[in-house]
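Note sheet for the following structure.
The numbers here are math on the coordinates, done by the rules we state, and not lab data. This one's a predicted model, so the numbers in the text were calculated from it and none came from an experiment. So basically every Cβ, Gly included, is an ideal-geometry build from the backbone, and we count neighbours across all protein chains shown.
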Amino acid sequence: MKTNISYQESIEILHSINVSAKSYEKIPFSQALGRILAQDIVAEENMPNHPTSAMDGYALSSEDIASLYSDGLEILSINKAGESEEQICHKGACIKTFTGAKIPINCDTLVLVEEVRVEGSKIYALEGAKIQRGKWIRAVGENYTKDEVLLKKGSQITPFEIGLLAELNCVFVCVYLKPKVAILSGGDEIIEVGEKPRENTIRSVNNHLLQALCSSMGAEGRIYPLLLDDKGQIEREVREALRDCDVLITTGGASKGDFDYTQEVIREVCEMSFKGVRMKPGKPVGFGVRGGEQFVFSLPGFPNSCAVTFMLFVRIIIARLLGTTPTLTPLKAKLTQSIKRADSRMEFRICNLRIENGIYEVGFWDKKTLQSSVVNNFCSKSALMILEENGADLQEGEMVEILLLDSLIKL
């Protein structure tokens with residue numbers, strides 16, 4: 001087991017270990033929001049599959065454009081969207097064609113209704129109208145072509161993918177099974193939400209915070225009974241959770257306290273890959289593998305440290321179980337105040353975020369304190385500021401790298 005390693009080395013370990021993607025299931029497309037596709041979605045036909053009007057206007061042949069400015073064109077009929085019969089136009093005539101309607105046979109031009117005047121049964125181009133062949137006509141396959149891969153395996157389904165699946169008439173889709181994540185938080189000082197408060201106790205924030213993060217990443221978080229400062233009870237709950245989970249997370253008991261039995265139990269049930277990362281918050285974080293197919297994380301007990309380490313570490317394994325490659329994309333932001341470094345560790349500091357003149361700006365204007373127990377610091381428009389290991393002090397106006405929280409709570 002490696003100890004006190006760099007953040008970069010810990011990430012390399014998580015990416016290098018063998019992780020097999022979960023199996024898949026077939027579900028109705030309308031229930032697939034947030035799920036990960038287990039196979040490509042391919043277009044079965046061109047869209048549109050015939051030339052289509054993009055606006056309300058009059059369909060005609062480009063050979064008759066000149067006549068619009070002199071003799072005018074006879075209006076033959078009206079062509080509405082949704083009609084199956086294909087209309088035919090002839091020389092010296094036009095057909096009024098509405099948005100979404102098939103372009104009539106022998107027509108390759110659409111003049112907009114606002115570009116002509118109607119006199120009797122004829123239309124004439126208005127002065128200044130610029131009529132061009134093919135303009136305002138959607139070509140065959142403009143949206144997509146037959147056999148084109150529209151959604152790739154490993155894509156997360158958002159509301160926009162739901163809309164596309166509806167257009168494609170995909171009644172069912174194959175998605176990866178949700179990874180099962182067992183969540184165990186502990187300590188005699190922890191009481192459950194709704195429980196009557198006792199002296200010197202705190203609410204079980206981590207259980208519910210992590211379950212919500214699991215849901216946002218397409219996993220199924222399962223909350224287990226709170227762990228007491230009792231090795232026997234901890235061992236029973238951990239082994240019970242390992243009976244049916246892909247990932248096991250413990251929070252609290254990650255440091256070297258007199259009553260922190262959780263680490264002893266974790267070392268007994270899995271092979272630890274690393275324990276301790278030179279980062280802030282989250283130094284005590286640990287990771288191990290059980291039987292080559294279950295993954296165990298030991299996260300710190302403070303809510304902020306717990307959330308940060310989940311987003312930076314656990315997210316990687318969840319993504320790999322879902323057959324996708326997790327990425328982090330740091331952005332640049334301007335500091336609105338100077339920072340004096342007091343720690344040599346790599347730091348992921350929660351900060352305020354705003355946009356001024358098209359540029360991200362970050363600072364700490366409404367952060368109560370940077371202590372790891374202040375979970376409300378994450379509730380406003382925020383980001384994680386990346387401060388490199390052994391980095392120097394930073395001055396107001398300098399550019400720093402940040403990770404948007406919105407990008408960290410999803411795959």
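Placing dummy labels 7 Å off each Cα toward the beta-carbon, the span from GLU119 to ASP244 is 8.1 nm. Distance between the pseudo-spin-label points of HIS50 and ASN4 (7 Å out from Cα toward the beta carbon): 7.5 nm.
Of TRP136, TRP365, the sequence from fewest to most neighbouring Cβ atoms within 10 angstrom is TRP365, TRP136. Between ARG290 and CYS174, the FRET efficiency estimated from the beta carbon spacing at R0 = 35 angstrom works out to 0.80. For the cross-link pairs LYS283/LYS410; LYS80/LYS122; LYS152/LYS332; LYS2/LYS280, which exceed 21 Å when the distance is taken from alpha carbon to alpha carbon? From the list (LYS283/LYS410; LYS80/LYS122; LYS152/LYS332; LYS2/LYS280), the Cα-Cα distance tops 21 Å for LYS283/LYS410; LYS152/LYS332. Applying 1/(1 + (r/R0)^6) with r as the Cβ-Cβ distance of GLU361 and HIS208 and R0 = 25 angstrom yields a FRET efficiency of 0.20. Stretching GLN39 away from ARG133 to a fully extended chain increases their span by 29.8 nm, per 0.36 nm per residue minus the current alpha-carbon distance.
Using only the Cα atoms of the range 151-201, each taken as one equal point scatterer with no solvent, compute I(q) by the Debye sum, divide by I(0), and report log10 of the ratio at q = 0.18, 0.22 Å⁻¹. For the range 151-201, the Cα-only Debye profile gives -0.69, -0.90. Beta bridges assigned by DSSP with both partners in the chain are antiparallel in approximately 65 percent of cases. A convex hull fitted around the alpha carbon atoms of the range 1-123 yields 233 Å³ per residue.
To the nearest ten degrees, helix 205-216 and the longest principal axis of the Cα atoms of the chain are 30 degrees apart. The per residue volume of the convex hull around the alpha-carbon atoms of the range 226-341 is 129 Å³. With Cα atoms defining each centre, the range 345-362 and the range 78-111 are spaced 55 Å apart in the structure.
Work out the P(r) tail for the chain: percent of alpha carbon pairs separated by more than 41 Å, whole number. Within the chain, distances greater than 41 Å cover 39 percent of Cα pairs. Post the alpha-carbon centroid distance, the range 137-186 to the range 266-305, in whole angstrom. The two parts, judged by their Cα centres, are 33 Å apart.
Stretching the chain fully between ARG236 and GLU25 yields a gain of 72.8 nm (0.36 nm per residue, less the alpha carbon separation). Extension gain for the segment GLU192 to ALA342, taken as residue separation times 0.36 nm less the Cα-Cα distance, is 50.5 nm to one decimal. In terms of other Cβ atoms within 10 Å, VAL269, VAL140 run from fewest to most in the order VAL140, VAL269.
For the chain, the mean residue ellipticity at 222 nm estimated from helices alone is -5000 deg cm²/dmol, where every DSSP H run of n ≥ 4 contributes -39500 (n - 2.57) and the total is divided by all residues, rounded to the nearest 500. Sequentially through the range 391-401, phi angles give Karplus couplings (6.51, -1.76, 1.60; θ = phi - 60°) of x, 8, 4, 10, 9, 3, x, 5, 9, 10, 8 Hz, Gly and Pro residues having no value and appearing as x. Going by alpha carbons, how many degrees (0 to 90, nearest 10) lie between the helix axis of 231-242 and the longest principal axis of the chain? Rounded to the nearest ten degrees, it is 20.
This ranking places ASP56, ASP246, ASP188 by how few other beta-carbon atoms lie within 10 Å of each, fewest first, which gives ASP188, ASP56, ASP246. Remark on the range 331-408: hydrodynamic radius 12.7 angstrom, per the Kirkwood mean of 1/r across alpha carbon pairs. What the Cα convex hull of the range 105-185 gives, in volume per residue, is 228 Å³.
Near the amide H of ARG35, within less than 5 Å, lie the amide hydrogens of ILE157, all on another chain or at least 5 residues away, with H placed in the peptide plane.
Counted over the range 52-138 with a bin width of 10 Å, the fraction of Cα pairs per bin, in whole percents, is 21, 59, 19, 1.
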